[in-house]
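Since the structure comes first, as structure tokens, the remarks are kept for the end.
The values are calculated or read from the model by the stated rules, or taken from the named source; none is laboratory data. Just so we're clear, the structure is a prediction, and the values are computed from it rather than from any experiment. Note that we place each Cβ from the backbone using ideal geometry, even for glycine, and neighbour counts take in every protein chain shown. The area values use the complete protein model at the heavy-atom level, side chains included, leaving out ligands, DNA and RNA. Shrake-Rupley method; radii C 1.70, N 1.55, O 1.52, S 1.80 Å.
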Amino acid sequence: MSTRILFLGGNGMIGSAAAAEAAAQGAEVTIVTRSEPRRTVPDGVRLLQGDVRDPESLGALLGDETWDAVVNWVAFTPRDLQGRVELFRDRTAQYVFISTCSVFGRPVPSLPITESSPRRQPVFGYGRDKVACELFLEEAYRESDFPLTIVRPFHTYDRTAIPVLSGWTAIERMRTGRPVIVHGDGTSLWTLMHSSDFARAFYPLLGNQHAVGESVNVVSGDILTWDQIHLELAAAAGVRSPQLVHRSSESIATQWPGWGEVLEHDFRHSMLFDTAKLRRLVPGFAPRVSFSEGAREIIAHHDATPDARGVSEELSAAFDRLIARP
């Protein structure tokens, strides 16, 4: 019998990739979404329209069906989880909560990050609320044997997502011979993962009883500096010698305040991960898409999609001010 999987939400970047992988592997996949899907639903996937945040109407929509795994992609606060333990305790052998590696406090006390690294996020509401969600569900696992698995992606991307804060503005500046600002000295370490690699690592966790009671960081083991990320994007865009100018996170915030918090509490810190648990649960997994390949995919998509090539003249002017002030 094929694995029966229910996605609550999950029509975004990584959810759609995971649904496509599951369907390709022969799983019976049902997606519940409140609105019309933003991305193409893979062939063979059943789509139901309903409010996943209303447990009563969701229960009525699902009837008496049961599942090998239920994946909640759209719970961001403990309120979004109210009633879910009662609804799914007897309906599924595994309840997978999609959290985030943003739950780990910065700076991390020691690298590489493991699943047992300290969770602490006093600044970003998104990470702080995901910590609260994890604690809520962990209590249900301890107190009532709720079949919980926590999955934590980190920085995932696909062809639609340029994984630098300046987005297409950076690409346009590099192509026109203008310098691009990179925070710090460009050498802090970062981890990127293509959505297709996430999906290949994620699918074998579904219905996997060895993963119940566990949290798993589903991340790439690849390590990149921020300079390398910019240089790979430049190479994909046909720019042989881009000009990268380094400025402190504090200096950048004076000219572009919107980046101040994310630089201070996130991007300026090195983030690399120990993937031993993931590799134990998914034997043989290794990423297939290098960032060189991923960068080429990103540029090709944006070059073919004019509406995706948004340039911020205000950000570009802030870059110019920063460059003029060593």
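Calculate for the chain the 222 nm mean residue ellipticity that helices alone would give, adding -39,500 (n - 2.57) per DSSP H run of length 4 or more and normalising by residue count, nearest 500 deg cm²/dmol.
So the helix-based figure for the chain works out to -10000 deg cm²/dmol.
Keeping all protein chains in the complex and leaving out DNA, RNA and ligands, what accessible area do you get for Ser57 with a 1.4 Å probe, in Å² to the nearest 10?
Rounded to the nearest 10, that gives 50 Å².
Can you give me the Kirkwood hydrodynamic radius for region 226-294, using every pair of distinct Cα atoms, in Å to one decimal?
Over region 226-294, the inverse of the mean reciprocal pair distance is 15.2 Å.
In nm, to one decimal, how far is the Glu214 label point from the Asp64 one, both placed 7 Å along Cα→Cβ?
That separation, rounded to one decimal, is 3.4 nm.
With a sphere of radius 10 Å drawn around the Cβ of Arg120, what net charge do the other residues whose Cβ falls strictly inside it have (Lys, Arg +1; Asp, Glu -1)?
Net charge in that neighbourhood comes out at +3.
In a Gaussian network model over the chain where Cα atoms closer than 10 Å are linked, find which of Asp227, Asp158, Asp307 has the largest mean-square fluctuation.
Result for the chain, Cα springs under 10 Å: Asp307 fluctuates most.
How much accessible surface area, in Å² rounded to 10, belongs to the heavy atoms of Ser248 with a 1.4 Å probe?
Rounded to the nearest 10, that gives 50 Å².
Going by a ≥ b ≥ c, the root eigenvalues of the Cα gyration tensor, does region 1-71 fall in the rounded group (a/c under 1.5), the prolate group (a/b larger than b/c) or the oblate group?
oblate
Just to be sure I understand: of the beta bridges DSSP finds with both ends in the chain, what percent are antiparallel, rounded to 5?
10 percent
Using a 1.4 Å probe and counting only protein heavy atoms, arrange Phe124, Phe319 so the residue with the most accessible area comes first.
Per-residue accessible area, sorted high to low, gives Phe124, Phe319.
Set the Förster radius R0 to 30 Å, insert the Cβ-Cβ distance between Arg120 and Ala93 as r into 1/(1 + (r/R0)^6), and round the FRET efficiency to 0.05.
Calculated value: 0.40.
Computed FRET efficiency, Cβ-Cβ of Gln82 and Arg142, R0 22 Å: what is it to the nearest 0.05?
Values: r = 18 Å, r/R0 = 0.83.
Calculated transfer efficiency: 0.75.
Gln25 to Thr305: extension gain in nm, 0.36 nm per residue of separation minus the Cα-Cα distance?
Length gained between Gln25 and Thr305: 97.7 nm.
Where in region 226-269 are there trypsin sites (Lys or Arg not before Pro) that are in a DSSP coil and have at most 11 other Cβ atoms within 10 angstrom of their Cβ?
The qualifying sites are Arg240.
What percentage of the solvent-accessible surface of region 137-293, computed with a 1.4 Å probe over protein heavy atoms, is contributed by carbon and sulfur atoms?
For region 137-293, the apolar C and S fraction of the accessible surface comes to 46 percent.
What is the list of residues in region 2-20 whose amide nitrogen lies under 19 Å from a point 7 angstrom out from the Cα of Arg39, following Cα to Cβ?
Residues 5-20 qualify, since their backbone N sits under 19 Å from the label point.
What is the sum of charges around Leu6, taking Lys and Arg as +1, Asp and Glu as -1, for the other residues whose C-beta is under 11 Å from the C-beta of Leu6?
Around Leu6, the charge tally is 0.
Among Trp256, Gly10, Val70, pick out the residue whose Cα is farthest towards the positive end of the charge dipole of the chain, where Lys and Arg carry +1 and Asp and Glu carry -1 on C-beta, about the Cα centre.
Checked the options; the winner is Trp256.
Once you place label points 7 Å from the Cα toward the Cβ at Ile223 and Ser57, how far apart are they in nm?
The answer from the label model is 4.9 nm.
Once the Cα atoms of helix 291-304 and of the chain are each reduced to a long axis, what angle between those two axes, in degrees from 0 to 90 to the nearest 10, is obtained?
Taking Cα atoms only, the helix is inclined about 80 degrees.
Once the other residues with Cβ under 14 Å from the Cβ of Asp320 are scored (Lys, Arg +1; Asp, Glu -1), what is the net sum?
Charge balance near Asp320 sits at +2.
Using alpha carbons only, how many degrees (0 to 90, rounded to 10) separate the axis of helix 313-324 from the longest principal axis of the chain?
In the chain, helix 313-324 runs at an angle near 50 degrees to the longest axis.
I'd like to check one number: the per residue accessible area of the chain, probe 1.4 Å, reported in Å² as a whole number.
Roughly 44 Å² per residue, with all protein chains present.
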